[in-house]
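To start, the structure itself, in structure tokens.
Bear in mind these aren't lab numbers, they're just calculated from the coordinates by the rules spelled out. Given the structure is predicted, the values throughout are model-derived calculations rather than measurements. Ideal geometry is used to build each Cβ from the backbone, glycine not excepted, and the neighbour counts take in all protein chains shown.
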Amino acid sequence: MRKGRKYTVELLCRVIGVSKSGYYAYLKREKRPVSNEDKELLILIKRVYTINSGTYGAKRISKELKSKGVIVNHKKVARIMREANLKAKVRRKKVTKESKSSSAGFVYENHLERDFNAEHPNQKWVTDMTEIWVENRKFYISALMDLFNREIIAFEISDSPNLQLIEDTIEAARRKRKLKTLEGVLIHSDQGSVYRSLVYNNLSKELRFIPSMSRKANCWDNAVIESFFSQLKTEFPCFYPNYSRKSYKHDLLSFIKRFNEKRIQKRLGFISPQVYYLQYKKGA
């Protein structure tokens, strides 16, 4: 049997990016004893981490524990997670640039101008469409979010990225918020062909909403809904790893229900979109 190669400590340290003195200091360092308090905290942390399918990081876990009466700094949670090798599943940053052919049809002014804040419900809505693969077949998702509380107020699924999907999404949002018309509501989208269509233009006149569009090939102009779709594609398989052609619609809608009702958001003060909306309604 051929003997394995031997490498010097100096070479190995250089490869992994540490100093030789630091390596030897690590070997001599005593292992920190784990306190009973840390052991008990780890049990609670693992419980929150598991319930949320590994999608919560230290800050959200800290806030979740606080809501249950356990006060612990997020830095301490981060340390305990690190020592227990618990890592939150994170979204990959988008690195590719969007490139679209020259637009035809109706192109609207960018009224949103990357101001993703809204003081009241039904002021600014953002929408987009994406695709999802289920058992080697492509399906399309259209979502609409209210920037006031980052709630997904409409979520429609289709096997075709057609105009009907967009109409159904807007109509679902209108019904959700119990509005007779959408007068005064700004609806921001990208320059997808369905949003540039004559049908969409007529719909905006019929329902009296204000259409707004991102600049061409600029995904940051609609960053919030883009971020939501990225989050969905990362977290959905964590909660529903065995989704299938038969179950995916039900599972996706269950995911959206959890997103709206249970998933806490930093921007909202670490409460869910639904709780934020209800608090607003009580104070109105």
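Here, region 124-283 is characterised by an Rg to Rh ratio of 0.95, where Rg is the alpha-carbon radius of gyration and Rh the Kirkwood radius. Relative to one another, the C-alpha centroids of region 148-165 and region 216-284 are positioned 12 Å apart. Based on DSSP H segments of at least four residues, each scored -39500 (n - 2.57), the chain has a per-residue ellipticity at 222 nm of -13000 deg cm²/dmol.
Under the criterion of Cα pairs below 8 Å and six or more residues apart, the relative contact order for the chain equals 16 percent. Only Lys, Arg, Asp and Glu carry charge here, each on its Cβ (+1 for the first two, -1 for the last two); on that basis region 167-284 has a dipole of about 420 debye about its Cα centre. Note on T50/K281: beta-carbon distance plugged into 1/(1 + (r/R0)^6) with R0 of 30 Å gives a FRET efficiency of 0.35. About its Cα centre, what dipole magnitude does the chain give when the only charges are +1 on Lys and Arg Cβ and -1 on Asp and Glu Cβ, stated in debye to the nearest 20? In total the dipole reaches around 1880 debye.
Taking other residues whose beta carbon is less than 14 angstrom from the beta carbon of Q265, and scoring Lys, Arg as +1 and Asp, Glu as -1, yields +4. This ranking places Y7, Y277 by how few other beta-carbon atoms lie within 10 Å of each, fewest first, which gives Y7, Y277. Pairs exceeding 28 Å between alpha-carbon atoms, taken from K205/K262; K63/K89; K124/K262; K178/K282; K59/K257: K205/K262. Other residues lying with their Cβ under 15 Å from the Cβ of V199 contribute a combined charge of -2, Lys and Arg counting +1, Asp and Glu -1. Between region 197-212 and region 115-141, the alpha-carbon centres lie 18 Å apart.
Across the options L253, L11, S204, the greatest Cα extent toward the positive end of the charge dipole of the chain (unit charges at beta carbon of Lys, Arg, Asp, Glu) belongs to L11. Projecting the Cα positions of I264, F139, V77 onto the charge dipole of the chain (unit charges on Cβ atoms of Lys, Arg, Asp and Glu, taken about the Cα centre) puts V77 furthest along the positive direction.
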